[in-house]
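Reviewing the structure listed below.
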Amino acid sequence: MKVYRVKAAKLSGTDFREVYKKANAFYAPIKKRTKRRAYVKSAYFAKDKIFLELFWQHLFDKSNWRDRVRRLKYLPCAIELIQNTRFDPISKESPNKPSEILHRFAGVTKNNELFFVQIKESKRNGQKWLVSVFPEDH
């Protein structure tokens, strides 16, 4: 699998509030661009919209605060990867729902840290959702 090198830096900080504040500041302009659901357009999926709100739901489902911080730090890197990569992801049918396909993209930060971005695609209507972002040591 090819890995996309992002120019965006990982968010700094150790406390959830500190990292969340930076992530929210990064996310706010994306959210303001539309009146409905926030999205970014993907180069790999021929400029299809990738909706972002499922990422926040998935993040807050996590009970471990350290895991939330760890994932949230990679948000700017994940958005850049979604917008720019044309490398083929690892795609497979969802084990929980056969009506969905999971796409996993790999990226590397400026500091050579490997991370993954997971996108869920509905077979029924073709909508795509950012589900998760996590570093290699997951």
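Computed quantities for the displayed model
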item: Pairs where the first residue, in the stretch 50-69, is acidic (D, E) and the second is modelled with pLDDT of 90 or more, C-beta under 6 Å, 6+ apart; result: E53/R37
item: Qualifying position, being more than 16 Å from I119 (Cα to Cα), free of Cβ contacts under 8 Å to residues at least 12 places away in the same chain and in a helix (DSSP H, G or I), among R17, R36; result: R17
item: Hits in the stretch 84-138 (condition: in contact with a His (Cβ under 6 Å, 6 or more places away or on another chain) and hydroxyl-bearing (S, T, Y)); result: S91, S132
item: Options S91, S122, S132; residue that is more than 16 Å from V6 (Cβ to Cβ), surrounded by 15 or more Cβ atoms within 10 Å (Cβ to Cβ) and of a type in the set (S, T, N, Q); result: S132
item: Subset of the stretch 55-110 [aromatic (F, W, Y), within 19 Å of P29 (Cβ to Cβ) and part of a helix (DSSP H, G or I)]; result: F55, W56
item: Within the stretch 1-14, tally of residues that are hydroxyl-bearing (S, T, Y) and part of a strand (DSSP E or B); result: 1
item: For F87: the one exception among (1) in contact (Cβ under 8 Å) with a residue 24 or more places away in the chain; (2) touching a strand residue (DSSP E or B) at 6+ places or on another chain (Cβ under 7 Å); (3) within 21 Å of S122 (Cβ to Cβ); result: (3)
item: Test result for K49, in a strand (DSSP E or B) and surrounded by fewer than 14 Cβ atoms within 10 Å (Cβ to Cβ); result: no
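The rows are residues; the columns are (1) hydrophobic (A, V, I, L, M, F, W, C); (2) under 11 Å from the mean Cα position of the chain (by Cα).
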| site | (1), (2) |
| --- | --- |
| I79 | yes, yes |
| I90 | yes, no |
| S94 | no, no |
| F105 | yes, yes |
| L114 | yes, no |
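The values are calculated or read from the model by the stated rules, or taken from the named source; none is laboratory data. In this text the structure is predicted, and so the values were computed from the model without any measurement. Cβ sites come from the backbone with ideal geometry, for glycine too, and all protein chains shown count toward neighbours.
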